[in-house]
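Colleague: Encoded as C-alpha cells, here's the structure I'll be asking about.
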Amino acid sequence: MAVEVRLLGSVTARFGESEAVLRSGRAQGMLAMLAWEPNQIIPDAALIDRIWDESLPRHPQAALYTLAARLRAAFAEASGDAAERERVIRRCGGYVLVAAPEDIDVHRFRSAVGQARENVWNGADAMAVRLLDSALGMWRGAQLTGITGAWADRVRMTLDQERLAAVLACAEARLRLGRHAETVPLLAGLADEHPLDEQIAGLLMVALYRCGRQGEALERYTTVRTRLIGTLGVEPGASISELHRRILHGDLSPVASRIAGVD
C-alpha cells in the first residue's frame, strides 16, 4: 500500500484513509528525520542527537529502538498490513525510511517548484503559476508542528526560505502575465511580514504602478528607505533605487521590470 508522509504541517503518515497514530512528538520527530532523507541511512548517533538534543535518556540506544518499534507498529496498524513495518528498516547502524520521494509532501513541493522554474525559463508563466500554486497548496500550517529541537528549527528555517522563494516566484510570474491587481494584496502582506526586504518592496512597487497607483508605489519606496536607514543605517540598494527613479518619471520600461525581477 502506498504511504503519504506529510511534513508541511503536523507530521503524519497516511495509508489510504487511515493515519498512523504517533503518540509522541519524538515518534513524529523520528518520522520527519527519516522522511527528510528517504531511502538514506540515518545513523543512530545522528537520530539520537536530533531527537533528544541535550536531554538524552538514560539509555539512548534502547530508547531509539523503542521509538523505531512504535513507528513500525503504527505503520502496520494504519495500513492493516504487517509488511508495512518494513518501511522503517534497520541498516548499517542506522534507520531508513523506504519511500518514493513523491510520497513525501516536502519532496513533491520541491519537485513542483523545480518544474515551475523550468517553465519560467521557457517563457511558460501560466503553467509556472499553476505549478507554484499547487506546490504552495501542500502547506497545511506551520511545518513540523509540535517537534522541538535544533534540527527541527534548522529545517523550519530552510523550509520558510523555500516557501518564500516560491511565493515570490509565483508573484513575479503573475506580474509578467499582467495579473497586477490580484498580486498587490499578496505582496502587501509579504511586505508587512518582511519590512526590510527590498525584493518584495520592489515587486510591490511594480504591481502598484501597473495598477495606476504611482503615488502609492513611491510611498512604498519611502517607507522601506526609512526603515532601512532607521534599522540598519543603510540606504536602499541600487536596483530598488533605480526602480524608484523610473517610477518617479513614469518610465517602467522592460529594463525597469527586469530590475525588479518581473520581466
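The values are calculated or read from the model by the stated rules, or taken from the named source; none is laboratory data. Nothing here was measured: the structure is a model prediction, and the numbers come from that model. Note that each Cβ is placed from the backbone with ideal geometry, even for glycine, and that neighbours are counted across all protein chains shown.
Colleague: Within the range 75-110, track down each residue that is among the β-branched types (V, I, T) and part of a helix (DSSP H, G or I).
Modeller: Selection gives V106 alone.
Colleague: Can you report the number of residues in the range 86-102 which are crowded, with 17+ Cβ neighbours inside 10 Å and closer than 13 Å to L31 by Cα?
Modeller: Result for the range 86-102: 6.
Colleague: Report yes if L64 is over 25 Å from the mean Cα position of the chain (by Cα), of a type in the set (A, V, I, L, M), more than 23 Å from L159 (Cβ to Cβ) and surrounded by fewer than 19 Cβ atoms within 10 Å (Cβ to Cβ), otherwise no.
Modeller: Criteria not met by L64.
Colleague: Would you tally the residues in the range 7-36 being charged (D, E, K, R), in contact (Cβ under 8 Å) with a residue 40 or more places away in the chain and not in a strand (DSSP E or B)?
Modeller: The number of residues fulfilling the criteria is 2.
Colleague: Ok, one more. Just one of the numbered conditions (1) surrounded by fewer than 21 Cβ atoms within 10 Å (Cβ to Cβ); (2) modelled with pLDDT under 95; (3) under 28 Å from A201 (Cα atoms) is not true of V155; which one?
Modeller: Looking at each condition in turn, V155 falls short on (2).
Colleague: Here is a further query. Taking the range 13-65 on its own, how many of its residues are closer than 19 Å to G146 by Cβ and β-branched (V, I, T)?
Modeller: 2
Colleague: Which ones in the range 126-176 are within 15 Å of A116 (Cα to Cα) and of a type in the set (K, R)?
Modeller: R130, R163, R174, R176, listed by residue number.
Colleague: Could you tell me whether V113 is in a helix (DSSP H, G or I), touching an Asp or Glu at 6+ places or on another chain (Cβ under 9 Å), within 25 Å of S10 (Cα to Cα) and free of Cβ contacts under 8 Å to residues at least 60 places away in the same chain?
Modeller: The answer is yes for V113.
Colleague: Being out of contact with any strand residue (DSSP E or B) (no Cβ under 7 Å at 6 or more places or on another chain), hydroxyl-bearing (S, T, Y) and modelled with pLDDT under 95 is the filter here; which residues of the range 113-152 pass it?
Modeller: Within the range 113-152, just T148 meets the criteria.
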